[in-house]
Amino acid sequence: MTKTFNFKAVEELRSCFRCGADFRDDGRSRICSGCRHHGPRVSSGQRTAGKQKVLNPRLSFREKQVVNLVSQAKLNKEIAHELHLTEGTVKEYLNRIFRKLGKSNRTELAVWALTQEAHELRMPTSAFA
């Protein structure tokens, strides 16, 4: 008996581009069904003093690239040029990163990035270090 697999039906865990929540998808959608139908997911306990609670602090590879360039004091226009994006897309990435990390501006983000970088450099990378 031969088993066949339907690779189109394989779902992967993704992070919603709008709200940061994890959701399963077949790879075609960048936003969860909640955001698609009702706007970004925000429960009554998730808004405090006008800020959203951090939903998923893991940054994607592209978000890490944007954070790295922000920490180098690059302008949105320069980031867009370097990553081959539009300025609008860079702004969307920044807003999403701010929400994920609970930061409110580029300066806070740059300080966070430099602190993370310094912390990672102090951590031994192997058991023999």
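Counting beta carbons within 10 Å around each of Leu109, Leu75 and listing the fewest first gives the order Leu75, Leu109. This ranking places Thr89, Thr107 by how few other beta-carbon atoms lie within 10 Å of each, fewest first, which gives Thr107, Thr89.
Measuring spread by the Cα atoms of segment 61-108 yields a radius of gyration and Dmax of 9.6, 26 Å.
Got a sec? How would His37, His81 order by Cβ neighbour count within 10 Å, fewest to most?
Lowest to highest Cβ neighbour count: His37, His81.
A short reminder: the numbers here are calculations on the coordinates, not readings from a lab. These figures come from a predicted structure and were not determined experimentally. Glycine also receives a Cβ, built like all others from the backbone with ideal geometry; neighbour counts cover every protein chain displayed.
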